[in-house]
Structure formats: C-alpha cells, structure tokens
Amino acid sequence: MRLATVVLFMLAGTIAKAQVADGVYEFPACTAAPVSDGRIQIADGEIRFYESTCQLGAGKSVDGLDGALIHAATCTGEGETWGMTILLMPGFDGGLIRVESGLALTYAACD
C-alpha cells in the first residue's frame with residue numbers, strides 16, 4: 001500500500017482535471033494484438049478485463065487528486081465472484097491510472 005501511495009503522489013502533478021473517460025486502455029502500451037491480458041475496457045459503469053468483469057459502484061472523489069474516483073467493485077470471472085476497491089484517475093496523454101490493494105498501473109489510451 002505504501003508503494004501505491006508514493007506512486008499516486010509522484011503522478012499527481014501530471015494528472016488532468018477530467019475524470020477517467022470510457023474507452024479501451026492497455027498496460028503498458030497499446031498493441032495490435034486482438035487479445036491481451038494488459039487490455040481493459042471501461043464502459044457503462046464496469047471494467048472488462050480479459051477473463052473478468054467488475055461492476056463499479058458510485059465513485060467517490062479523493063481530496064488532492066484531481067479527477068480520481070475510488071469505487072467499491074463487484075467482480076466476476078472464471079466462476080468466482082469477489083469484491084474489491086479500485087481507484088481510477090486520469091493519467092498521461094488521456095491514459096489511465098488504476099490502483100488496487102498492492103497494485104498501481106499506468107495504462108495508455110487506445111483507439
């Protein structure tokens with residue numbers, strides 16, 4: 001958790017004020033591969049991963065992090081259901097920063 005907090009503070013100065021837009025994002029960069037474990041799609045209040053989907057609860061803003069929203073999420077995949085907390089915020093050049101317990105990733109925005 002400490003690492004994720006440090007990463008957030010390091011990136012805070014470069015984040016746009018807009019909230020995360022619906023779209024396709026890929027970690028670490030966009031590829032032409034039709035299937036990728038690093039690709040996610042955000043649309044209609046959910047995040048779609050390669051083998052799972054998370055329904056996002058109403059986002060709550062985070063003081064001091066422009067555009068950041070923290071969500072309670074209910075996820076399903078591979079016959080399992082689980083809950084988690086996900087922080088989403090705008091990243092570089094229209095990209096996305098996703099933070100979960102023990103994880104912080106910066107995604108590129110893809111067409």
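The overall shape of segment 46-97 is oblate: from the C-alpha gyration tensor, with semi-axes ordered a ≥ b ≥ c, the ratio a/c is 1.5 or greater and a/b is no larger than b/c.
In this simple spin-label model, placing a label point 7 Å from the Cα along the Cα-to-Cβ direction at both Gln19 and Glu46 gives a separation of 1.9 nm. For Pro28, the shell of other residues with beta-carbons less than 15 Å away shows a net charge of -1, using +1 for Lys and Arg and -1 for Asp and Glu. In this label model, Thr53 and Ala72 are separated by 2.1 nm, measuring between points 7 Å along each Cα→Cβ vector.
Any read-out appearing in this document is the output of simple, stated calculations on the displayed coordinates, not a laboratory observation. All figures in this text were calculated on a predicted structure; none of them were measured in a lab. For neighbour counting, all protein chains shown are included, and Cβ atoms are generated from backbone atoms with ideal geometry for every residue, glycine included.
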